[in-house]
Ligand code: GLA
């Protein structure tokens, strides 16, 4: 495999910043949530794809015992004599992710360098709901493990470590979707996660499928607060319904029991229960190569987010509305936590770059201006990048 193009850049940046070559370079992709919106922490299923946009991390041990963290996207480097213990704020907040991983390595009984230098380069838009934080966590974990002389863990364990870092040390109560997909992705395939295990399998994406992202660049403040609020609402609904997790219920069983629920938990629960069923229906449709049915289910997922889970925005809805009517677009939906972020469109070859540009131009007068848009491919998961000329290591 050819290493993604920015691998040399991150090593060059490392050399420029720290005056020596890195000992390790690792790379992790972003992801799209293909379908399975807020199903993961409800014991349900989800389908994601690792994408051909990445975060690269170069690292080396240092003798000073300091943690020196540099990102091409950050205003200034972070230089710490020791673990600060408390979260970093303002322009340094990005460094909470590498620090969270560094703490988690010890908690998982894995080796880590005590002092290290690290640089980060990315072509993955941040804040678009494409899991730039999960990618950063995974790439940092792989780079620091390599620096400490350890073999990369199995992708499932790596994903668990990165999720632990995010839940415990960043304080975001996410499920396993992001880290699991970014760790376990495979070119041309979707990652299916039965989140109760979690149990990971793959589902091939038909070759005629095209994935597009439209990112209107909405500011989504309060994302974490509203995500946690939805999580609490789902837990309340499960408690009232007498089930351990909402995905324990079929849509029919839910319909029989829903009458006693207050309106808000009822809407949240119905979304999750039906969304879990839609994931199963999409897997079946993909296995018979039916992209038209797959696309319809994707749009149905969006409408459910819009009306029942209420984690969409008017701008995301408008993008889905316009995409739906375009030739070659089979379905569209918000991807990820919601309350902002991006829309994923499933299309075939009739939807061209010119058509995508024309659609984006229709949004020129909206907040944020013309949405960023990009075609994406389902890509391999996180891995260590070997030295110059080497390929990414196969881990299984
Ligand atoms: C975010 C979280 C995931 C998942 C999605 C919604 O991406 O990190 O765990 O809950 O939202 O499906």
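Each value in this text was obtained by applying a stated rule to the coordinates, not by laboratory testing. Since the model is a prediction, treat every value here as computed from it, not as a measurement. Every residue, glycine as well, gets a Cβ built from its backbone with ideal geometry; the counts of neighbours run over all protein chains shown.
Could you tell me how many degrees, from 0 to 90 and to the nearest 10, lie between the Cα long axis of helix 7-18 and the main elongation axis, the longest principal axis, of the Cα atoms of the chain? Once rounded, one gets 50 degrees. Distance between the 7 Å Cα→Cβ label points at residue 253 and residue 72: 4.9 nm. Across 263, 150, 100, mean-square fluctuation computed from a Gaussian network of the chain (C-alpha pairs under 10 Å connected) peaks at 263. Ranking of 373, 214 by neighbouring Cβ atoms within 10 Å, starting from the fewest: 373, 214.
Between 364, 187, 347, the Gaussian network model of the chain with springs among Cα atoms under 10 angstrom shows the greatest mean-square fluctuation at 364. Counting only DSSP beta bridges with both residues in region 64-167, the antiparallel share comes to about 40 percent. Helical runs assigned H by DSSP (4 residues or longer) give the chain a calculated mean residue ellipticity at 222 nm of -11500 deg cm²/dmol, each run adding -39500 (n - 2.57) before division by the residue total.
Between the helical axis of 132-147 and the longest alpha-carbon principal axis of the chain there is an angle of about 30 degrees. Each of 201, 294 has some number of other Cβ atoms within 10 Å of its Cβ, and from fewest to most they run 201, 294. The ranking of 137, 114, 233, 349 from fewest to most other beta carbons within 10 Å of each one's beta carbon is 349, 114, 233, 137. The stretch between residue 350 and residue 236, if pulled fully straight at 0.36 nm per residue, gains 36.6 nm over its current Cα-Cα span. The mean sequence distance of close C-alpha pairs (under 8 Å, at least 6 residues apart), as a share of the length of the chain, puts its relative contact order at 24 percent. Give, as ranges by residue number, the residues of region 76-96 whose backbone N falls under 18 Å from the point 7 Å along Cα→Cβ of residue 228. Answer for this model: 86-90, 93-94, 96.
Note on the chain: with a GNM built from Cα contacts shorter than 10 Å, the maximum mean-square fluctuation among 231, 287, 31 falls on 287.
When you count the other C-beta atoms within 10 angstrom of each residue and take the mean per peptide, 18-24, 160-166 line up highest first as 160-166, 18-24. Residue separation of residue 288 and residue 126 scaled by 0.36 nm, minus their Cα-Cα distance, works out to 54.8 nm of gained length.
In plain terms, the chain from residue 321 to residue 199 could stretch by 40.5 nm, reckoned as 0.36 nm per residue minus the Cα-Cα distance.
Over the chain, consider all pairs of different Cα atoms and compute the Kirkwood hydrodynamic radius from their mean reciprocal separation; express it in Å, one decimal.
On the way: mean 1/r = 0.0468 Å⁻¹.
The Cα-based Kirkwood calculation yields 21.4 Å.
Against the chain, whose longest principal axis comes from its Cα atoms, helix 155-164 is set at around 90 degrees. Label separation (residue 154 vs residue 366): 4.3 nm, computed from points 7 Å beyond Cα along the C-beta direction.
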